[in-house]
1. From the set of residues in the range 866-891 that are under 11 Å from residue 837 (Cβ atoms) and assigned to a loop (DSSP other than H, G, I, E, B), which is modelled with the lowest pLDDT?
2. Could we say that residue 807 is modelled with pLDDT of 95 or more and in a loop (DSSP other than H, G, I, E, B) here?
3. Could you tell me whether any residue of the range 459-472 is in the same structural domain as residue 423 (by TED's automatic domain parsing), free of Cβ contacts under 8 Å to residues at least 40 places away in the same chain and outside any loop (DSSP other than H, G, I, E, B)?
4. When residues of the range 759-803 are filtered for being within 20 Å of residue 626 (Cβ to Cβ) and either crowded, with 18+ Cβ neighbours inside 10 Å or in contact with a helix residue (DSSP H, G or I) (Cβ under 6 Å, 6 or more places away or on another chain) (or both), how many remain?
5. Residue 391 versus (1) surrounded by fewer than 22 Cβ atoms within 10 Å (Cβ to Cβ); (2) modelled with pLDDT of 95 or more; (3) under 17 Å from residue 654 (Cα atoms): which is the lone unmet condition?
6. From the list 980, 917, 956, which residue is more than 17 Å from residue 875 (Cβ to Cβ), surrounded by fewer than 24 Cβ atoms within 10 Å (Cβ to Cβ), more than 21 Å from the chain's Cα centre (by Cα) and in contact (Cβ under 8 Å) with a residue 24 or more places away in the chain?
7. Going by what's in this entry, would residue 303 be described as modelled with pLDDT of 95 or more, in a loop (DSSP other than H, G, I, E, B) and either surrounded by fewer than 21 Cβ atoms within 10 Å (Cβ to Cβ) or not assigned by TED's automatic domain parsing to the domain that holds residue 344 (or both)?
8. Residue check: is residue 436 in the same structural domain as residue 404 (by TED's automatic domain parsing) and at pLDDT below 95?
């Protein structure tokens, strides 16, 4: 737009370019535009044509000549450098990053000067796991003619990552395509880095040949782009993007390709704030006596007790006389009307969290720690297989998220190393074998790999990847030749869920693989992994070496010995097996077999096939009640360690592998880990009972506080299905923020989510007694429903589910909230948050009988939530918790494109907490988004959950980035319970990102207050100590 044209500037349209959907959307006039939705005004002299680098625009200059990629930027045009950016003013000098981009007809050039206070420590390599930290990320839509479309199919949306591995002394450059993040050949790209004062300089040349369409940007073009610098401790600095840049392109900026070096460059980047804006002149002063040194918070309250203005939150203060100043305005900036007001203050002289114990993780320690041995295992699947070698065992989980699904431990479970599944081997990891030099892992990617059987290997010594020679761009993207799951044939029954390869074994020279669909065992060279020979074996499953010259193979329901010279199969075990799955052999030739079906046992046979022993009661367990280790469920992998001890795994909850003595007597069990963020609670009346929603089961764990250990005690997987059984399990029953409550002598477990459910606990029995949700046929939400188990038989019978038709477009409709709601222990009133944030719905039950509540939408009280939002701000109301007066505590955030902030705060414009009374009147609103490292009273990101009330005076609000923030019931900041994981060394007092919720409870034994929280692979408990160190005082002030 030419603003020199009066007609053109008279009416400026307000639009938002939604790049991911390739459409223009109208924006409400009250919406506060931020970051790249705003431009930058620059006043220029006559004839001046500057470029303006701001938080939404960078400029790509033409390369000044031949560029040597050596990490030295002396031959670069650095006139349009973007940065330096940092994550916090306190870290600006030692942790910052600056990017520069250039172009010519052949390539894109990317450079970054990356400063870090700590030595570079990214040990990612051929696995392309650059997000381990100390890395640079550039994402761009490389084709100027295709800047969005189907972002999961647009193969010219490119993610480049650059990092330096100091252990190897090598630089790496990785490429992924589209928002399905397909690993791709980087072609003739080159990268070099070199040390510079305080960090490293990176330089890369990326040929335009990587753009598949052939259409790459030239001078005059602009393309979408986002940038990130990632430090090892998890801090990230974003340029034109946020942590959500991997989900979509809505907050990306623009890279403008120039034809010539600009004459004038303006830089107007938004940086993290050092402090809040300067306060207005003080009009009213109140003298107070601070009783103890601590954190001082104060606010101004109206005569009706509602908060008018937060003066400060958690300001360090010394004991003695102090002065509280007020400028006479409310939090909205408006002058307070004449009248009498009260200044309330509190000082926190010692509130803190005292670590008690952790549970559900087999790590040592069982929580995050600077020592990486504190976390291990795959949180998203069971223990699929196990192998053994001279130095210990190699358990394998099916799927992981972050902690490494293949581990090497000694026979007592002490971790020696761990390794991640390669990105190039997606899907489930299903088998493991060791030959003393390598550990081989069998992968089942299913349709993602065309039904092929994937294989990768690591060194036995240290777990380092050892790529298998093959053609292709990714050194770890290897598939076993000729082993493929048959493609489905139209009109014929689909193939079973069995993978292409079912098991593997290895010796010094050969890798042996069961190819079930081919009815063969296929041999591969142990070094090259190329096929060497095949043997016909009917329906081969588990296999192992027999210690002589043969291979033992499960074939159907028997075990055969395969002569590797002649190929002859001789039956060894012909009787005593029901559904054998895997097997192992002692050095003396004794066989160990995991047997499923009606057996569910580990069985021992001698060399001649005679049954000599078994572990496990016939039939196993049904996972609906007491957990007993000698009742197995889906026994899977089995191995014999060097000591002769036997290890087996189960492909079932509760994710165990077990050590048995040589005589099959039970010795030890390892359990977990699970993804437990927002999914654990403690029974206050029985604090040794910890409940979790892990995987496909609710699990009760017994805690031993003295030994700081836990063990599975009971688990439940099968309940009535009141909703659509086709939904995901956690949608059907709810998964978030479980809480044990006691009402009139009955114990219940409440669990939230898109569906909220109430279960009754009777010893080792768990029964679904009520559930509330909304039918989601094609996301139309046309009917809200309530299920009540009126006849108390644990089933969904006719007439127990009632549906109320609704038009989801109407304001009185109920749409479910992702995070669920809360329950009032006093009368079992369930509070639900409408997914649009219109109202909170309170449903109070009647009772058919003791322990049999009946909920109905005919008996609902609606609490309007409009007052919780800040005027003019389209806030997202995330979660609610019932207040003693029938109102609600809540938290909220506002979407925006403010790049400042750590974690999810990088794509939010605000975060706050609030309290409403039972009529929806705002009692107080407090807090704000942290633009850097959080200060007292600031939140990092989405406040997903609410921990609950503490001692009837305080409330625990949860910050997703690993913080629990305590406020008084009237809205004054008290303190933080956990250390800030963004800057603190990992320990028992930190939680990793995705801390969705805590649950506060009062221990019935010692009457002290505690909270429990789940993290990526474990749950921890803390005492809330120092409540007696909080002092309150107040003073009056009058506005004339």
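The values are calculated or read from the model by the stated rules, or taken from the named source; none is laboratory data. Just so it is clear, the structure is predicted and the values come from calculations on it, not from any experiment. Note: ideal-geometry Cβ built from the backbone for every residue, glycine included; neighbour counts use all protein chains shown.
1. Among those residues, the one meeting the criterion is 874.
2. On the way: modelled with pLDDT of 95 or more: no; in a loop (DSSP other than H, G, I, E, B): yes.
No, not satisfied.
3. Checked the range 459-472: at least one residue is in the same structural domain as residue 423 (by TED's automatic domain parsing), free of Cβ contacts under 8 Å to residues at least 40 places away in the same chain and outside any loop (DSSP other than H, G, I, E, B).
4. Result for the range 759-803: 6.
5. (3)
6. The match here is 917.
7. Taking the combined requirement at face value, the residue satisfies it.
8. Considered against the rule, which asks whether it is in the same structural domain as residue 404 (by TED's automatic domain parsing) and at pLDDT below 95, residue 436 comes out as no.
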